[in-house]
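Encoded as structure tokens, the structure appears first; notes follow it.
The values are calculated or read from the model by the stated rules, or taken from the named source; none is laboratory data. Fair warning: this is a prediction, and the values are worked out from it, not measured in the lab. Cβ placement follows ideal geometry from the backbone for every residue including glycine, while neighbour counts extend to all protein chains displayed. Note: areas computed on protein heavy atoms with side chains; ligands, DNA, RNA excluded. Shrake-Rupley method; radii C 1.70, N 1.55, O 1.52, S 1.80 Å.
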Amino acid sequence: MLQDYLYVHFDGISNSILTKGMNHRDFNRYTTHRPENLLLLNPYEREGEYEPHTGFRVIRGHENVEQYFSLVENKEVNDLKWIDFKEYEMLQRLTPNEISELLYFGHMKNQLRSPFFYQLQNSFAFFELTKKTTKIYYRDIEDFYDMLAKKISCLTTQQIKGTPSFFKRRQNILVPEVPNDIIKSLKGTMQEGIVFNFSQIGLENDEYVVPIHVVEDNLRKVENYHFKQEYKIGTLIYSKEAGVWRIVKEEFESILLTQ
């Protein structure tokens, strides 16, 4: 079954993104700025090497991180969670309080103070809540905008191609990424919690239309497809003939709509 929705909620205080419809595979495929080292927050994790000062297991070096990402793509890993760091030697400088904060962070999947640690200089903190639901902290939110643009392009391509059959081959279609300025223009509504609706199969009048509904931070409305009855705040439209995206916004008042 083709994926026909994508939920996004942006917490501007912690710079975290809660999504339903994106997973670690998407992070691996679409994130340009790659982690250099990983501190694994799952106490039952067996990959990597044991770091005695913190008591965590770590993945050291870009090549090993890439191998670990490939590993978790190809096998089911329960409770996948990690935080990246710059320098291995800086782990030795973590104080007992900071280590306690990391333990709390890993267990509760919420930060005590900042999700970004001075000693670690981390760019991300990743938590896979379910197979289709993730919570990711971004030091630079531009990394998420880039990832979202690529994911929307991928989902649109899949829906335009539709489900192949014996008599119908998939079309060779490549949809361009949504421009960064369009993604950024949705920042305010992302703080409400929005769903991109990819229910259209194929093109209509040479266009693919993605209605955007506001559902607040309520995943139940997403899981039960109740979002289709919620307020539509805009529509993303891809024109195959022109090869471009545009957005048509509708009036929507919110105290969170500050760009």
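Under a 5 Å amide H cut-off, with hydrogens placed 1.01 Å from N, G234 pairs with I212, E250 among residues at least 5 apart or on other chains. Computed across region 1-143, the Kirkwood radius stands at 15.5 Å (inverse of mean 1/r, all Cα pairs). Placing S239, S114 in order of accessible area, with the largest value first and a 1.4 Å probe, yields S114, S239. Nonpolar atom fraction for region 14-115, defined as the carbon and sulfur part of the 1.4 Å probe accessible area, stands at 46 percent.
In whole percents, the pair-distance distribution calculated for the chain from its alpha-carbon pairs, binned every 5 Å from zero, is 1, 6, 12, 16, 17, 15, 12, 9, 6, 4, 1, 0, 0. The tail of the calculated P(r) for region 38-116 beyond 17 Å holds 45 percent of all Cα-Cα pairs. Checking the Cα-Cα distances for K109/K131; K86/K187; K132/K249; K75/K131; K131/K232 against a 22 Å cut-off, the pairs over it are K86/K187; K132/K249; K131/K232. Return one number: the angle in degrees, 0 to 90 and rounded to the nearest 10, between the long axis of the Cα atoms of helix 62-74 and the longest principal axis of the Cα atoms of the chain. That helix lies at roughly 60 degrees to the long axis. Ranking I247, I17 by solvent-accessible area of protein heavy atoms (1.4 Å probe, all protein chains present), from largest to smallest, gives I247, I17.
Once backbone amide H atoms are built at 1.01 Å from N, L80 has E128 as its partners under 5 Å, excluding neighbours fewer than 5 places away on the same chain. Rolling a 1.4 Å probe over the protein heavy atoms gives the chain an accessible area of 52 Å² per residue.
For region 26-141, averaging the sequence separation of C-alpha pairs within contact (under 8 Å, six or more residues apart) and dividing by the residue count gives a relative contact order of 25 percent. Of the chymotrypsin sites (Phe, Trp or Tyr not before Pro) found in region 113-142, those that fall in a DSSP loop while having at most 16 other beta-carbon atoms within 10 Å are Y118. When the alpha carbon coordinates of region 71-189 are projected onto the principal axes, the ranges are 63, 35, 27 Å, largest first.
For region 1-55, dividing the convex hull volume of the Cα atoms by the residue count gives 160 Å³ per residue. Net charge near K81: determine it from the other residues with C-beta under 13 Å of the C-beta of K81, scoring Lys and Arg +1 and Asp and Glu -1. Local net charge: -2.
Helical runs (DSSP H, four residues minimum) scored at -39500 (n - 2.57) apiece and divided by the length of the chain put the mean residue ellipticity at 222 nm at -7500 deg cm²/dmol. With respect to the chain, whose longest principal axis is taken over its alpha-carbon atoms, helix 142-161 is tilted by about 40°. Across the options T31, Y138, F198, the greatest Cα extent toward the positive end of the charge dipole of the chain (unit charges at beta carbon of Lys, Arg, Asp, Glu) belongs to F198.
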